[in-house]
Every structure is written in C-alpha cells, then in structure tokens.
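Could you have a look at this structure, given as structure tokens, before my questions?
The values are calculated or read from the model by the stated rules, or taken from the named source; none is laboratory data. For clarity, every value in this text was computed on a predicted model and none was experimentally measured. Here the Cβ positions follow ideal geometry from the backbone for every residue, glycine too, while neighbour counts run over all protein chains shown.
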Amino acid sequence: MDNKITVTVFCPTCGLSDFNHKEDETYIQCNNCKREYLGGIDELLEYNQQQVDDGTAALGQKLLDDFGKTLESKFRNNKNFKFKR
C-alpha cells in the first residue's frame, strides 16, 4: 500500500509557496519576500502545522474508508456480520 501525503507549505509572511533551499533543506528562503528560515524545513513545517494536520487527517480517513470497504467485501456473503455506514 503506497499512501503519501503531499502538503504545500506557505511562507507565513507573504503567503506564497516559492522557496529556494539547500539540498539538505537545513536552510530555506522565500523567493518572494526573501524571508530566511534558518531552522530549515522543520521551522517551515512548524509554521504550516495546520496544513500538515489536515493532510494527515485526510490520509487517515482515506485509510479507514479503504479498510472498511475491504472488510465489507471479504464478509459480504456472511450472515453473521452486518456493516453499517
């Protein structure tokens, strides 16, 4: 099962998502307002925690839905199991 979360992070100063960064992402700079994030990706993710949380919640819900569908399909013809949605 290959589930990935893709979250767009935004600069909290200007609101854009165009960044320049070192290869190891220890330093990031916004290309629009030139704000520097010396804490790298960790600092930027901290400012964008709500987007990360929303992406994680969406993936969690998708996994639960997929798991429920799988269980329903496995026990579809079994009279001892009933599924409510």
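With the condition kept exactly as written, say whether any residue in region 11-27 is among the aliphatic types (A, V, I, L, M), outside any helix (DSSP H, G or I) and touching an Asp or Glu at 6+ places or on another chain (Cβ under 8 Å). Show your work before the answer.
So the first thing to find is which residues in region 11-27 are among the aliphatic types (A, V, I, L, M), and the list is 16.
Next cut, outside any helix (DSSP H, G or I) only: 16.
Among the residues that remain, those that are also touching an Asp or Glu at 6+ places or on another chain (Cβ under 8 Å) are: none.
No, region 11-27 contains no residue that is among the aliphatic types (A, V, I, L, M), outside any helix (DSSP H, G or I) and touching an Asp or Glu at 6+ places or on another chain (Cβ under 8 Å).
Look through region 35-61, keep the residues that are charged (D, E, K, R) and under 12 Å from the mean Cα position of the chain (by Cα), and return whichever of them is nearest to GLU25 (Cα to Cα).
Taking region 35-61 and keeping what is charged (D, E, K, R), we get 35-36, 42-43, 46, 53-54.
Next cut, under 12 Å from the mean Cα position of the chain (by Cα) only: 53-54.
Values: ASP53: 21, ASP54: 23 Å.
Checked region 35-61; the qualifying residue nearest to GLU25 (Cα to Cα) is ASP53.
May I pose another question? If you take the residues in region 59-85 that are of a type in the set (Gly, Ala, Ser) and either surrounded by 12 or more Cβ atoms within 10 Å (Cβ to Cβ) or part of a loop (DSSP other than H, G, I, E, B) (or both), which one is modelled with the lowest pLDDT? Show your work before the answer.
So the first thing to find is which residues in region 59-85 are of a type in the set (Gly, Ala, Ser), and the list is 60, 68, 73.
Narrowing further to those that are either surrounded by 12 or more Cβ atoms within 10 Å (Cβ to Cβ) or part of a loop (DSSP other than H, G, I, E, B) (or both): 60, 68.
On the way: GLY60: 91, GLY68: 88.
Step by step, filter region 59-85, then rank; the result is GLY68.
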